[in-house]
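Peer 1: Dropping a structure here in structure tokens format, bear with me for questions.
Taken together, the values in this text are just the output of simple stated rules run on the coordinates, not laboratory data. Bear in mind that the values here come from a model prediction, so they are computed numbers and not experimental data. Here the Cβ positions follow ideal geometry from the backbone for every residue, glycine too, while neighbour counts run over all protein chains shown.
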Amino acid sequence: MSTSDPDGAALWRFLADPAHLTMDLRTAAAHAARALGLRHAVVYLVDLQQRRLVPQTAVAPPVAVDGSLAGWAYRTQSLRVEESGTGSVTAWFPLLDGAERLGVLAVTDTALTASTLTRGRALASLLAMVITSKRLYEDSFVLRTRTEQMRLPAEMLRALLPPRTIGNGHVVSTAVLEPAYEIGGDAFDHSLTDTTLHVAVLDAMGHDLASGLTSTVSLAACRNARRNGYDLPELVRSVDEALSRWLPEQFCTAVVARLDLVTGVLHWANCGHPAPILIRDERLIIYAMERDADPPMGMPSLLTSRPRRTHEIPLQPGDRVLMYTDGVVEARTREAKLLGLERFADYVIRATAGGELAPESLRRLIHSILAAQEGRLRDDATLLMFEWRPPAG
């Protein structure tokens, strides 16, 4: 707290006043910064494709995620400080909702002391909670972080998707989906309990509203089954039955998986989908999870009497598992050649090398794939990667 308010009474009054609950972000940020004795603070949120940091509480130009100190704070989730030509100093704090990267907070003053930095971190934590709460129902956040109009199927699917990144002390799971504004049938899901990470990547037939409906029903069926305590074969069967009942002409491929956070044992089911890739010690073990796939989810699976199969593999601490849709390997390079699994594997090696955080590795990976074909994909491309990192000892 400021030296004139050593007990933080101004902040406590701000938090205790029910009026702060209905303040817009700009007003809440200004009041909270003043209560903490900070001279000037600006919130920047990242855009949908994680290319720009867009100011929310002041009139200022967007800042590129790549090639700026603000972007460095976002990419590394760490503090960065820079001096301006006017003699002031700006500290860039990452804005985090758990493991999810929201953007950055800029705190500017004539000088930055240890106390100022502590108060800046406190403000970043407080505003991240405010943003997470308000962006569920305030369209202003959406409007400021989109760079183009979104198609209806994409709007429907994105309303159901979870945060890009989730995690706890044992695991982090992160995902990206392109084309960001035109997705039709791809979707992902991840969630946590005290002992388990649940993940799924789906690819519905087609690229239209019906495809989006197929993925939406499949995601809802997955969530309903796991929240009812079903095991993986029962979960997949629940999706089969939901699709065959409500969308009998539709189907989707998928990988659904559960990771035991204590033992590192991974169970998964593959329903007509590309096999996940295991990354260990910065090396790709491409075929470690290669198994014969079951039929896609939906009506095709009900035409066979063979029960759904699950597979098992023990992970080692630090292992990363990458799940993807076929739109990734079917993308074309600048030379108009299919990307293919071999080229894709090379992209993964380069993107995950150097000990980067998993969300940053995935951000760079999808941008590399987009750059190789001048930003246009022939099909939806979804990537989900999770890293098991149990506490030492």
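Peer 1: In whole Å, how far is the Cα centre of the stretch 192-235 from that of the stretch 273-319?
Peer 2: With the stretch 192-235 and the stretch 273-319 each reduced to a Cα centre, they are spaced 16 Å.
Peer 1: Using only the alpha-carbon atoms, how far is helix 209-227 inclined from the longest principal axis of the chain? Give it as 0 to 90 degrees, nearest 10.
Peer 2: Taking Cα atoms only, the helix is inclined about 80 degrees.
Peer 1: Return a whole-number percent for the relative contact order of the stretch 41-88, with Cα pairs under 8 Å and 6 or more residues apart as the contact set.
Peer 2: The value is 21 percent.
Peer 1: I've got another one for you. Calculated FRET efficiency, residue 133 and residue 58, Cβ-Cβ r, R0 22 Å, to nearest 0.05? It would help to have the intermediate numbers written out before the result.
Peer 2: Working: r = 21 Å, r/R0 = 0.95.
Rounded to the nearest 0.05, the efficiency is 0.60.
Peer 1: Packing-wise, with mean Cβ within 10 Å as the measure, how do 261-272, 45-56 rank, highest first?
Peer 2: Working: 261-272: 19.2, 45-56: 20.7.
So the peptides 261-272, 45-56, ranked by packing, come out 45-56, 261-272.
Peer 1: Given the DSSP H assignment, sum -39500 (n - 2.57) over each helix run of at least 4 residues in the chain and divide by its residue total; what's the result at 222 nm in deg cm²/dmol, nearest 500? It would help to have the intermediate numbers written out before the result.
Peer 2: Working: 12 runs with 131 residues, N = 393.
Estimated from H runs of four or more residues: -10000 deg cm²/dmol.
Peer 1: So for each of 273-279, 192-198 I average, over its residues, the number of other beta carbons within 10 Å; can you give me the resulting order with the highest mean first? The partial results should precede the final answer.
Peer 2: On the way: 273-279: 22.4, 192-198: 15.6.
Going from most to least packed, we get 273-279, 192-198.
Peer 1: Taking H as built 1.01 Å from N, whose amide H comes closer than 5 Å to the amide H of residue 285, not counting residues under 5 places away?
Peer 2: For residue 285, the qualifying residues are 278, 279, 280.
Peer 1: When only C-alpha pairs under 8 Å and at least 6 residues apart count, what is the relative contact order of the stretch 19-68, in percent?
Peer 2: Details: 53 pairs, mean separation 12.9, N = 50.
Computed value for the stretch 19-68: 26 percent relative contact order.
Peer 1: For the stretch 97-185, run through the chymotrypsin sites (Phe, Trp or Tyr not before Pro) and keep only the ones in DSSP coil with at most 11 other Cβ atoms within 10 Å of their Cβ.
Peer 2: Numbers: sites: 137, 141, 181; in loops: 137, 181.
Filter output for the stretch 97-185: 137.
Peer 1: Let me ask another. Test of understanding: what is the full-extension gain from residue 194 to residue 16, defined as 0.36 nm times their sequence separation minus their Cα-Cα distance?
Peer 2: Using 0.36 nm per residue and subtracting the Cα-Cα distance, I get 60.9 nm.
Peer 1: On to the next question. Taking the Cα centre of the chain as origin, sum charge times position over the Cβ atoms of Lys and Arg (+1) and Asp and Glu (-1), and report the length of that vector in debye to the nearest 20. Please report the intermediate quantities before stating the final value.
Peer 2: Working: 41 positive and 46 negative charges, 112 e Å.
Here the size comes out at about 540 debye.
Peer 1: Shifting gears a bit: Can you tell me, using C-alpha contacts under 8 Å and at least 6 residues apart, the relative contact order of the stretch 152-388 as a whole percent? Intermediate values should be presented prior to the final figure.
Peer 2: Working: 503 pairs, mean separation 55.2, N = 237.
Computed value for the stretch 152-388: 23 percent relative contact order.
Peer 1: Can you run phi through the Karplus equation (6.51, -1.76, 1.60; θ = phi - 60°) for the stretch 12-20 and list ³J(HN,Hα) in whole Hz, with x for Gly and Pro?
Peer 2: Taking θ as phi minus 60°, the curve returns 4, 5, 4, 5, 6, 7, x, 4, 5 Hz for the stretch 12-20.
Peer 1: Moving on to the next point. Full-extension gain between residue 182 and residue 265, please, as 0.36 nm times their residue separation minus the C-alpha to C-alpha distance. Show your work: numbers first, answer last.
Peer 2: Numbers: separation 83, 0.36 × 83 = 29.88 nm, distance 3.57 nm.
This chain segment gains 26.3 nm when fully extended.
Peer 1: How far is the Cα center of the stretch 174-189 from the Cα center of the stretch 87-106, in Å?
Peer 2: About 26 Å separates the Cα centre of the stretch 174-189 from the one of the stretch 87-106.
Peer 1: Starting from the Cα of residue 150, step 7 Å along the direction of its Cβ; do the same at residue 84; then give the gap between the two resulting points in nm.
Peer 2: So the label points at residue 150 and residue 84 sit 3.3 nm apart.
Peer 1: Determine the sum of side-chain charges near residue 211: Lys and Arg each +1, Asp and Glu each -1, restricted to other residues whose C-beta is under 10 angstrom from that of residue 211. Could you put the intermediate results ahead of the total?
Peer 2: Details: positive: none; negative: 186, 203, 208, 380.
Taking every other residue near residue 211 into account, the sum is -4.
Peer 1: A follow-up question, please. Calculate the FRET efficiency for residue 76 and residue 246 from the Cβ-Cβ distance with a Förster distance of 45 Å, rounded to the nearest 0.05.
Peer 2: On the way: r = 45 Å, r/R0 = 0.99.
Given R0 = 45 Å and the Cβ-Cβ separation, E is 0.50.
Peer 1: Rg over Rh of the chain, using C-alpha atoms and the Kirkwood radius, what does it come to? Numbers along the way, then the final one.
Peer 2: Numbers: Rg = 22.4 Å, Rh = 22.4 Å.
Dividing the radius of gyration by the Kirkwood radius yields 1.00.
Peer 1: Need one number: nm distance between label points at residue 356 and residue 368, each 7 Å from Cα along Cα→Cβ, rounded to one decimal.
Peer 2: A separation of 0.7 nm, rounded to one decimal place.
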